[in-house]
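Reviewing the structure listed below.
The values are calculated or read from the model by the stated rules, or taken from the named source; none is laboratory data. From a predicted model like this one, the values you see are computed outputs, not experimental measurements. When we count neighbours, we look across all protein chains shown, and the Cβ atoms used for this are built from the backbone with ideal geometry, even at glycine. With ligands, DNA and RNA removed, areas are computed over all heavy atoms of the protein, side chains included. Shrake-Rupley method; radii C 1.70, N 1.55, O 1.52, S 1.80 Å.
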Amino acid sequence: MKKLLSVLLSLILVLSLCSAPAFALCKAPDIPEKPFDNSFFFETDSYSIHYRIFEAENAKGQIFMIHGFALSSYCFEKSALELQKAGYTCVAADLPDFGYSTRETAGMEKLPREDIMHSLMTSLSAEPWYVAAHSMGGYIALKLAEKYPESVKNLLLYGTAGNDGIPESSRKIMGSPVFASVMGKLMETAGRMNFLVRLLLMIALNDKEYAANYDISKVTAPFKIKGTGAGACYSFSMLPDTNYEAVKKMPPILLMNGDCDKVLTDDARVNLRASLPEGSADITVKDGGHLFIENMAETTAQITAEFLGQYRTIKSRT
């Protein structure tokens, strides 16, 4: 059964890689004005970026959060609330094509996510940020830290690895409008199927009880926004490769992964682990799935706060 579920999850992820058209961005008319009580929108160039603020009194620091593929800022909500209690102001943003940010139409060759996220960060504060990221968001955070080192204190990476590169031939296939149209519609259909979303959450969380009580509307609602599927495919096809030599020169990094992650394997993290700067923390969370930042938010926040408070090497925690 576990093998079947893993195959199903892999199939969904593979389908999501199968391309999208070149795009020019526009704000979708079906995006609500206030998705959450703490929602705001940042307008830059042709992009409209949704973000949420969890403000702490007398904050010790500020954390900017970047979600992973097919998710949104909602996946960081519980961790953000815990870190807010610990004295950190958190800002969780939706990447273009996800959550309640801009969807794409036609005419683009590159999606400058790290530039967009940096623009939002600097618009909110001139002070450098701790940058937290989950899964695919980790690739973007690594590129952001490489490109704008003056704006990043430390990276806090959860359930992620380095992006070792997508072959150019694959990028061309993924960028095909035909594949984007077909796979985009398939993704949107899958993202609205409650039973399938709950099944995937069960796999990602490694927690049946938590998944059974999950408000899946927080996942399915964004998939009802026109252009979500095609935009998601395009976004994945344009992910930045990881510059491991640049990673080695960064400030200490917190890397946390679940030992029951069925999306990313330990083999996928070899290069990132080998490139962690001195003073970094490589932590394994016992019984943690790919989305441990949600159902293990207390643990995530506690370890994160310890790291930020000490900057010392923590080899492993199980």
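Please give the solvent-accessible surface of Phe40 in Å², to the nearest 10, using a probe radius of 1.4 Å with every protein chain present.
Spelled out: Phe40, probe radius 1.4 Å, area about 90 Å².
Under 5 Å between amide hydrogens, which residues at least 5 positions from Lys153 or on another chain qualify, with H placed 1.01 Å from N in the peptide plane?
Trp129, Tyr130, Val131
Tell me whether segment 146-274 comes out rounded, prolate or oblate; compute the Cα gyration tensor, take square roots of the eigenvalues as a ≥ b ≥ c, and use a/c under 1.5 as the rounded threshold. Can you show the working numbers first?
Working: a/c = 2.06, a/b = 1.28, b/c = 1.61.
Since a/c reaches 1.5 but b/c is at least a/b, the shape of segment 146-274 is classed as oblate.
Ordered by packing density, taken as the mean number of other Cβ atoms within 10 Å over each peptide's residues, highest first, how do 57-63, 234-240 rank?
Order by mean packing, descending: 234-240, 57-63.
Between Gln302 and Arg171, how high is the FRET efficiency from 1/(1 + (r/R0)^6) when r is the Cβ-Cβ distance and R₀ = 51 Å? Nearest 0.05. Mind showing how you got there, number by number?
Numbers: r = 40 Å, r/R0 = 0.78.
For Gln302 and Arg171, the calculated efficiency is 0.80.
If I take all pairs of Cα atoms in segment 25-171, what percentage of them are more than 29 Å from each other?
Tail fraction, whole percent: 12.
So which DSSP H runs in the chain come out at 15 Å plus along the axis (Cα) with average Kyte-Doolittle of at least 1.6?
Flagged H segments are 2-16, 194-205.
Not counting ligands, DNA or RNA, and with a 1.4 Å probe, what is Met65's accessible surface area in Å² rounded to the nearest 10?
Rounded to the nearest 10, that gives 0 Å².
Just to be sure I understand the model, the point goes 7 Å from the Cα along the line to the Cβ. What's the resulting Asp37 to Arg198 distance in nm?
Taking the simple label geometry, Asp37 and Arg198 are separated by 2.7 nm.
In nm, to one decimal, how far is the Ser123 label point from the Ile216 one, both placed 7 Å along Cα→Cβ?
Those two pseudo-labels are separated by 3.4 nm.
When the accessible area of the chain is computed with all protein chains present and a 1.4 Å probe, what percentage of it is carbon and sulfur?
Carbon and sulfur: 55 percent of the exposed surface of the chain.
How high is the relative contact order of segment 149-278, given as a whole-number percent (alpha carbon pairs under 8 Å, six or more residues apart)? The partial results should precede the final answer.
Numbers: 137 pairs, mean separation 56.6, N = 130.
That works out to 44 percent.
What residues qualify as long-range amide H neighbours of Gly288, i.e. H under 5 Å apart, gap of 5 or more or another chain, H built at 1.01 Å from N?
Amide H neighbours of Gly288, under 5 Å, 5+ apart: Asp259, Cys260.
Figure the gain on full extension for Ala268 and Lys147 (residue separation times 0.36 nm, minus the Cα-Cα span) and round it to one decimal in nm.
Between Ala268 and Lys147, full extension yields an extra 41.2 nm.
If you build a Gaussian network model of the chain, linking Cα atoms that sit under 10 Å apart, which residue out of Tyr148, Tyr130, Tyr139 swings the most?
Per the Cα network of the chain with a 10 Å cutoff, Tyr148 tops the list.
Rounded, prolate or oblate: which fits the chain when a ≥ b ≥ c are the square roots of the eigenvalues of the alpha-carbon gyration tensor, with rounded for a/c under 1.5 and prolate only if a/b beats b/c?
rounded
With every protein chain kept in place and ligands, DNA and RNA left out, what is the accessible area per residue of segment 24-101? Probe 1.4 Å, answer in Å².
Working: 3090 Å² over 78 residues.
Result: 40 Å² per residue.
Shape of segment 202-318 from its Cα gyration tensor (a ≥ b ≥ c, root eigenvalues): rounded if a/c is under 1.5, otherwise prolate when a/b > b/c, or oblate?
oblate
Can you work out the Karplus-derived ³J(HN,Hα) for every residue in segment 215-225? Use 6.51 cos²θ - 1.76 cosθ + 1.60 with θ = phi - 60°, whole Hz, and x for glycine or proline.
Listing the rounded values in order: 7, 6, 4, 5, 9, 6, 4, x, 6, 7, 7 Hz.
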